[in-house]
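S.K.: I'd like to ask some things about the structure below.
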Amino acid sequence: MTPDEPPHSEGTTVPASTVPLASNGEPLSQAEAEAAAARLDRLAAALNTVLFGQEQLVEMVIVGLLARGHILLEGLPGLGKTELVKGLSKALALASKRVQFTPDLLPGDITGNPMLEEVDGNRQFVFQPGPVFANILLADEINRASPKTQSAMLEAMQERRVTVMGQTHPLPAPFFVLATQNPIELEGTYPLPEAQLDRFLFKLNVQSNDVATLERIVLHREIGVEPQLPQVMNAAELGDILALVRRVYMPPAVANYIARMVQATHPGEPHAQGVKYGASPRAALALAAASKARAVCSRRVNASYEDVREVAAAVLRHRVVLDYAAKLEGLTTDGLVARLLERVPAQDRPLPSSLAAAKV
């Protein structure tokens, strides 16, 4: 519809491209949400036996998984990031591969390479898949590899496929990248390119353990011995839950809140002082997907403002770039997101005076 065309009146057929994708299929029922959340509770309980004292981190990893997104885990070495990823693959019975990123790693070491082999008496190049061909790829210390090698992940993360020498090879489904990253201030690390950062649904900070958690680790862990983890569900059951998440209803008011939150991160907006580059439209899609996933974990059939607020920092902290002056003043992206959550209203218009004056 052009600006000069009148709005659609009642009884007029609306083009399919203008209809919001509220759900793919039938709306999610409360019974389905309850059943899915019960399975996810068992998954969280299993992962909490692997990583002590990180319940919120485990919850966010599960939400990211349900949103079909890739996750970047940042923290100092030894905090259990790798064990969490390995535990996730065991609990879900998914094929997993691990790549230890180092400065001498080449793109073909990740995607695979064509090898010269003899086939039916003729020598020809045959593609040998790399470790990226797995359900869960653990990219350990991803920021220790050069930007050229890191860029080899872009097509896999976005398109779920790999192209080598003009031939495209689809990746297994489901496919998730869970990457660990040391703080970039450490020697021998490279900042991830912005285009690659934008492909990660979440960036989660792994915090150090407190005294009580360290005591549990000492009493229940032993060096060189991996914790035993039961299988909680299989790939088919995970696929069923992923399909349920896509049927969670996204209210237009919540979608509007997501749009205004993302727009508020851009330079020139009232609350974006110190921002050099704002979040992309992919951030809005990530907020929507993560909000729907969290709704299922909370046994609800629709996304809410609360869901958006809970996942906002994980979605936006790696997508907003601050200017030099803001960094000198001590502003962080987490601080910026906190400011936006405080100042951007959930509703884009004030309540009617009758409701605003009501005491409820």
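Each value in this text was obtained by applying a stated rule to the coordinates, not by laboratory testing. As the structure is a prediction and not an experimental result, all values here were calculated from the model. Glycine gets a Cβ as well: all are built from the backbone with ideal geometry, and neighbour counts include every protein chain shown.
S.K.: Any chance you could give the angle, 0 to 90 degrees and rounded to 10, that helix 252-263 forms with the longest Cα principal axis of the chain?
M.R.: Tilt of helix 252-263: around 70 degrees.
S.K.: Over region 54-180, what is the mean sequence separation of C-alpha contacts under 8 Å (at least six apart), divided by residue count, expressed as relative contact order in percent?
M.R.: Working: 195 pairs, mean separation 37.8, N = 127.
Rounded, it is 30 percent for region 54-180.
S.K.: So which trypsin sites (Lys or Arg not before Pro) in region 116-165 are both in a DSSP loop and have at most 16 other Cβ atoms within 10 Å of their Cβ?
M.R.: Numbers: sites: Arg123, Arg144, Lys148, Arg160, Arg161; in loops: Arg160.
Answer by residue number: Arg160.
S.K.: Calculate the spin-label point distance for Met165 paired with Arg309, positioning each point 7 Å from the Cα along the beta-carbon direction, and give it in nanometres.
M.R.: Result: 5.6 nm between the two label points.
S.K.: Place +1 on the Cβ of every Lys and Arg and -1 on the Cβ of every Asp and Glu in the chain, take the dipole about the Cα centre, and give the residue among Leu340, Leu204, Gly112 whose Cα lies farthest towards its positive end.
M.R.: It is Leu340, whose Cα lies furthest towards the positive end.
S.K.: Show me, bin by bin at 10 Å from 0, the whole-percent P(r) of region 248-348 based on Cα pairs.
M.R.: Going from the shortest bin to the longest, the percentages are 17, 50, 26, 7, 1.
S.K.: Over region 248-348, what relative contact order in percent results from Cα pairs under 8 Å that are six or more residues apart? Intermediate values should be presented prior to the final figure.
M.R.: Numbers: 145 pairs, mean separation 34.9, N = 101.
Taking the mean separation of contacting Cα pairs over the length of region 248-348, I get 35 percent.
S.K.: Fully extended, how many nm does the chain gain between Asn256 and Ala338 (0.36 nm per residue separation, minus their Cα-Cα distance)? Could the numbers behind the result be given before it?
M.R.: Values: separation 82, 0.36 × 82 = 29.52 nm, distance 1.87 nm.
Difference between extended and current length: 27.6 nm.
S.K.: Place a label point 7 angstrom from the Cα of Glu83 along the Cα-to-Cβ direction, then list the residues of region 205-240 whose backbone nitrogen is under 16 Å away.
M.R.: Output list for this probe position: 206-230.
S.K.: Also, I was wondering about something else. From Cα pairs below 8 angstrom and at least 6 apart in sequence, can you work out the relative contact order of the chain, rounded to a whole percent?
M.R.: Relative CO of the chain lands at 21 percent.
S.K.: Something else: What angle do you read, to the nearest 10 degrees and between 0 and 90, between the alpha-carbon axis of helix 211-220 and the longest principal axis of the chain?
M.R.: Compared with the principal axis, the helix lies near 40 degrees.
S.K.: With a 10 Å cut-off between alpha carbons and a GNM built on the chain, which of Gly335, Gly87, Gly78 moves the most?
M.R.: Gly78
S.K.: Name the longest site-free stretch of the chain, where the excluded sites are GluC sites (Glu not before Pro) in a DSSP loop with no more than 15 other beta-carbon atoms within 10 Å.
M.R.: The longest such stretch corresponds to 11-184.
S.K.: At 0.36 nm per residue, minus the direct Cα-Cα distance, what do Thr213 and Asp348 gain on full extension? Give it in nm, one decimal, please.
M.R.: Values: separation 135, 0.36 × 135 = 48.60 nm, distance 4.30 nm.
Net length gain for the segment: 44.3 nm.
S.K.: Give me the extension gain from Leu328 to Lys276: residue separation times 0.36 nm, minus the current Cα-Cα distance, reported in nm with one decimal. Please list the in-between numbers first.
M.R.: On the way: separation 52, 0.36 × 52 = 18.72 nm, distance 1.37 nm.
Full extension from Leu328 to Lys276 adds 17.4 nm.
S.K.: Roughly what would the spin-label model give for Leu116 and Leu76, points 7 Å off Cα along C-beta, in nm?
M.R.: 5.0 nm
S.K.: Right, something else. So, with +1 on the Cβ of K and R and -1 on the Cβ of D and E, and no other charges, what is the size of the charge dipole of region 248-348 about its Cα centre, to the nearest 20 debye?
M.R.: Values: 13 positive and 9 negative charges, 61 e Å.
Result for region 248-348 is approximately 300 debye, rounded to the nearest 20.
S.K.: Enter the angle in degrees (range 0 to 90, nearest 10) between the Cα long axis of helix 333-343 and the first principal axis of the Cα atoms of the chain, meaning the one along which they spread out most.
M.R.: 20 degrees
S.K.: What is the magnitude of the charge dipole of the chain about its Cα centre, with +1 placed on the Cβ of each Lys and Arg, -1 on the Cβ of each Asp and Glu, and no other charges, expressed in debye to the nearest 20?
M.R.: 420 debye
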